[in-house]
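Here the structure is laid out as structure tokens; the discussion comes afterwards.
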Amino acid sequence: MSPLIRKDSSRSAGTAQANWVREFRDLLDSNEPGLTFDATIRVEWRRQEGGPGSTTAYEDAGRAVRHIAESLASQRSVLRWEATEQDINHDLRRLLPWCTEGIEILRAQVTLHVDDHTHATAQRIAQLKREETLEELARRQTAARVRFMQDEILRTPATARLYLLLEQTAHHGYLPPGVDADQIVRDVQQWHPKAQWVAVA
């Protein structure tokens, strides 16, 4: 069982109020299935004045803080454990002092840690996701090029020859031997949409 420490404090003369500190460890799920943060949670709390006594205050204090930590951790990668720890503690500080379930939470702190195996696994997952994204981009570019070839380049023999000429020229830096540029121009003009035989067809 995690330790429970009593701290006596006095807010006014003649009035003693017992503060309690609980510290425990837990695993918090990340946004990567199966990968978790190792968390150490420390909570200082006391019973609310005038509130009903509760035999579950020991559990209630830790659970309230753990729920805040779980909610944020589940949206983050274990690769960003330091930033996640900072954001959890920032959110907790904004809430304090925090009254819930008949107790007043005075201080709360969450410390996160990620072991080497979990960190390496997360890095591999991130790398695979990047590779998958690049492969999907390449597939889309290829599909777009195929559609362009079908819709524009292979629409007529003339445009196909012209495209091939441009590709060869770009590759070699000059017109390939045996290419009759004038003939290609005539072919393109022949297949132009405004050419008489195309219009008649």
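The values are calculated or read from the model by the stated rules, or taken from the named source; none is laboratory data. Please read these numbers as outputs of a predicted model, since none were measured by experiment. In this analysis, Cβ positions are derived from the backbone assuming ideal geometry, glycine residues included, and neighbour counts consider all displayed protein chains. Ligands, DNA and RNA are excluded from the accessible area calculation, which covers all protein heavy atoms including side chains. Shrake-Rupley method; radii C 1.70, N 1.55, O 1.52, S 1.80 Å.
Below are the figures for this structure:
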read-out	value
So Arg94, is it charged (D, E, K, R), over 25 Å from Glu59 (Cα atoms) and in a helix (DSSP H, G or I)	no
Filter result (open to solvent by 80 Å² or more (accessible area, probe 1.4 Å), modelled with pLDDT under 85 and within 21 Å of Ala108 (Cα to Cα)) within segment 26-56	Arg47, Glu49, Thr55
Filter result for Ser2 (farther than 30 Å from Lys129 by Cα, at pLDDT below 90, touching a strand residue (DSSP E or B) at 6+ places or on another chain (Cβ under 6 Å) and in a strand (DSSP E or B))	no
Filter result (open to solvent by 50 Å² or more (accessible area, probe 1.4 Å) and touching a Phe, Trp or Tyr at 6+ places or on another chain (Cβ under 8 Å)) within segment 100-122	His113
